[in-house]
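What follows draws every value from the coordinates through simple rules; no lab data is involved. Note that the structure is a prediction, hence the values are computed from the model and not measured. So basically every Cβ, Gly included, is an ideal-geometry build from the backbone, and we count neighbours across all protein chains shown.
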């Protein structure tokens, strides 16, 4: 899932693709690099972010979605607002990626149901201005178990609104009311989320916990646009564990990492098959002997 942030204040690329033409061109670039779908967002959900007006969010995302959808792209709208979700679906998006899982505005669940759209339910506790407050960082039963339980509650809300199971995708919400250690535990425990029975989306690209992992000796965090090497390792790890998609800024690097991992797995499977076949008693002996004689 390639990320197209049509925002002035996203933590990684805020302002770079705010103009419609720039956002569309970036979408084209990500598709060429190997993105299977694009996530178009007009609101930054980074910690501390201020929410835009509804009209501003609509003006940012709808023209981009209309243009890319007309060209055949598979599109997701990254929004918590039912008005924006409805307009995006009308413009050609097929997926609603709601980082609040319906908690910011339950009406968005009805929009997804009425349009028979795929709906991404993410684990979420508060808006950007409050998400990292201490009271939102408590996971009494451990972060994996608690996030799983809270996602189950949001899944039931989605079902109650009329969204069929086949249209639901889940996301444990890395970075949203989570510490760096919480994020690593969620990644390591990703197979627990498969047990809920839904496709899993993961968004780890360029996030702060990677900056901490790659920090300089003096503690300075690695800059946001220099964290993708670590994220590529995570992408391979997650693909090997059957995630539905990873939400990615640098699509080319992630796609290259997946190609290399797939090639190794293919060669490994062939090698295992060859090794599993016992050789005939004299297989290869004559040829080697003749080579020695020559």
When the Cα centres of the range 86-110 and the range 171-217 are compared, how far apart do they sit, in Å? 23 Å
P(r) of the range 82-141 over all Cα-Cα pairs, binned every 10 Å from zero, in whole percent: 23, 44, 22, 11, 0
Which three semi-axes in whole Å describe the equivalent ellipsoid of the range 106-172, each the square root of 5 times a Cα gyration tensor eigenvalue, listed largest first? 25, 14, 8
Anyone know which of 217, 63, 164 comes out most mobile in the 10 Å Cα GNM of the chain? 217
Taking all pairs of distinct alpha-carbon atoms in the range 2-251, Kirkwood radius in angstrom: 18.1 Å
On C-alpha positions alone, give me the angle between the axis of helix 20-33 and the longest principal axis of the chain, in degrees, nearest 10. 20 degrees
All Cα pairs of the range 37-102, percent lying beyond 16 Å: 38 percent
Residue 160 and residue 181 label points (each 7 Å along its Cα→Cβ direction) are spaced in nm at 3.4 nm
Binned Cα-Cα distance frequencies in the range 205-252 - 10 Å width, integer %: 28, 48, 20, 3
Identify which of 234, 31, 267 has the largest mean-square fluctuation in a Gaussian network model of the chain, with springs joining Cα atoms closer than 10 Å. 267
Only helical DSSP H runs with n ≥ 4 go in: add -39500 (n - 2.57) per run for the chain, normalise by residue count and round the 222 nm mean residue ellipticity to 500 deg cm²/dmol. -14000 deg cm²/dmol
How big is D, in µm² s⁻¹, for the range 1-71 by Stokes-Einstein at 25 °C and 0.890 mPa s if Rh is the Kirkwood radius over C-alpha pairs? 202 µm²/s
Okay, which of the range 202-229 sit inside 13 Å, backbone N to the point 7 Å along the Cα-Cβ direction of residue 244? 202-203
In Å, the Kirkwood hydrodynamic radius from C-alpha pairs for the range 173-265 sits at 13.8 Å
